[in-house]
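The values are calculated or read from the model by the stated rules, or taken from the named source; none is laboratory data. What you are looking at is a predicted structure, and each value in this text was computed from that prediction instead of being measured. Cβ placement follows ideal geometry from the backbone for every residue including glycine, while neighbour counts extend to all protein chains displayed.
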């Protein structure tokens, strides 16, 4: 903790105006996003930290994007179901209209199957 305080004092000398708590949060976030066991790709590395912290994670319906033939689907593949290898009886990936807009990658997450809760409370949601 003393090294964090010393580092914060050095940053303050360089003109940083953030308080100590914000500084500690930023340092820990940077350490977690660069940890080898958490990063799988650039977007999921940031999701690993963001999905387990904060209070603004609420399910919301995905809306259509674009117009005409370029319009994307209203559904998205459920990230937890995909990680767990779940499929429909026909062998197709499970899709949902629910997403978490607070997460950086805006993942699709089933609300009915507790995928949303598992994604935001478990480090390894694939089990």
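Tabulated results
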{"read-out": "Pairs with Cβ under 8 Å, 6+ apart, first in segment 80-92 and in contact (Cβ under 8 Å) with a residue 40 or more places away in the chain, second loosely packed, with under 10 Cβ neighbours inside 10 Å", "value": "84/127"}
{"read-out": "Enumeration of residues in segment 51-79 that are modelled with pLDDT of 75 or more and in a helix (DSSP H, G or I)", "value": "79"}
{"read-out": "Selected residue (criterion: farthest from residue 57 (Cα to Cα)) from residues of segment 107-127 that are free of Cβ contacts under 8 Å to residues at least 24 places away in the same chain and in a loop (DSSP other than H, G, I, E, B)", "value": "124"}
{"read-out": "Selection within segment 80-105 - at negative phi and part of a loop (DSSP other than H, G, I, E, B)", "value": "86, 88, 89, 90, 92, 94, 97, 101, 102, 103, 104, 105"}
